Amino acid sequence: MIAILRFFVLLIYFIVMNLVLILIYLVKPMHRDNVALAGKFYSSMAFIFGIKLIKRPSKAINPDESYVFIGNHQNTYDLATISSSAVPGVVTVGKKSLKWIPIFGLIYWLSGNIMIDRKNSGKARDTLSLTGDKMREKKLSIYMFPEGTRSRGRGLMPFKTGAFRLAIAERTKIVPVICSNLNGDKIKFNRWDNGVVIIETLDPVEIDPEQNAKDMAKGFHTLMLGVFERITKEAEELSKHK
């Protein structure tokens, strides 16, 4: 019974929420703060899933400065969890073809995310160059998931180098964002309480533009893995004592 009720509440809420977002975006299309607004909207679904979000933002982030944000990518529930870490001025990078997906594509496009035409910029180097141009042109921060795929309960997967090559090219600081472990199996639609999830945003990290991107990726992976393990243990303890 709880599962059926939750499903219908979630469905209605999701539809209404997206309609509201579209109306707002039509008034201010491509605004640099649209992604952050979407993050607030989507993360509000955590309550319906029975998840208690504990957000720990960094006070050292300057809204007038560009950064490369890197976060761990676990599963589709990221839409209701780590999305809450999006700050004003941050956007993501996606394929231009995404805008043809019904509803989501329109929202993604109107949000002002950077959309890359893979046919004209198939090489990763060209994609990073175009992303860097947009960052400078609009004074944006970029949110990337260096694992390159959903981890699906396998912890923190090895990092690809794209985010780090972008940070080196643009000489920007990197902001690690870590979400505690949230296996899809942990979410049960037939129970009210599905535990605690912690999202911790670290202070911006100054990089060495002379450092090798592979070495940088390994260093940040080690840093984020330590935080991931710490906050996952903490979230599990808090879930037990709720």
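The values are calculated or read from the model by the stated rules, or taken from the named source; none is laboratory data. The shown structure was predicted, so the numbers you read here are calculated from the model rather than taken from an experiment. Ideal geometry is used to build each Cβ from the backbone, glycine not excepted, and the neighbour counts take in all protein chains shown. Only protein heavy atoms, including side chains, enter the accessible area calculation; ligands, DNA and RNA are left aside. Shrake-Rupley method; radii C 1.70, N 1.55, O 1.52, S 1.80 Å.
Of all residues in region 187-200, those that are over 11 Å from E236 (Cα atoms) and either within 17 Å of the chain's Cα centre (by Cα) or charged (D, E, K, R) (or both) total 5. Residues in region 161-174: is at least one in contact with a helix residue (DSSP H, G or I) (Cβ under 7 Å, 6 or more places away or on another chain) and in a loop (DSSP other than H, G, I, E, B)? The answer is yes; a qualifying residue exists. Residue count for region 165-181 under the criterion of being on the phi < 0 side of the Ramachandran plot, open to solvent by 30 Å² or more (accessible area, probe 1.4 Å), free of Cβ contacts under 8 Å to residues at least 60 places away in the same chain and out of contact with any Gly (no Cβ under 6 Å at 6 or more places or on another chain): the result is 2. Of the residues G195, G162, G184, the single one that is on the phi > 0 side of the Ramachandran plot, open to solvent by less than 40 Å² (accessible area, probe 1.4 Å) and at pLDDT below 95 is G195.
Being surrounded by fewer than 15 Cβ atoms within 10 Å (Cβ to Cβ) and under 21 Å from the mean Cα position of the chain (by Cα) is true of D203. Look at region 188-208: where a residue is more than 17 Å from S43 (Cα to Cα) and a partner is of a type in the set (S, T, N, Q) and open to solvent by less than 30 Å² (accessible area, probe 1.4 Å), sitting 6+ places away or on another chain with Cβ atoms under 7 Å, you get K188/N194; L202/S58; D203/S58.
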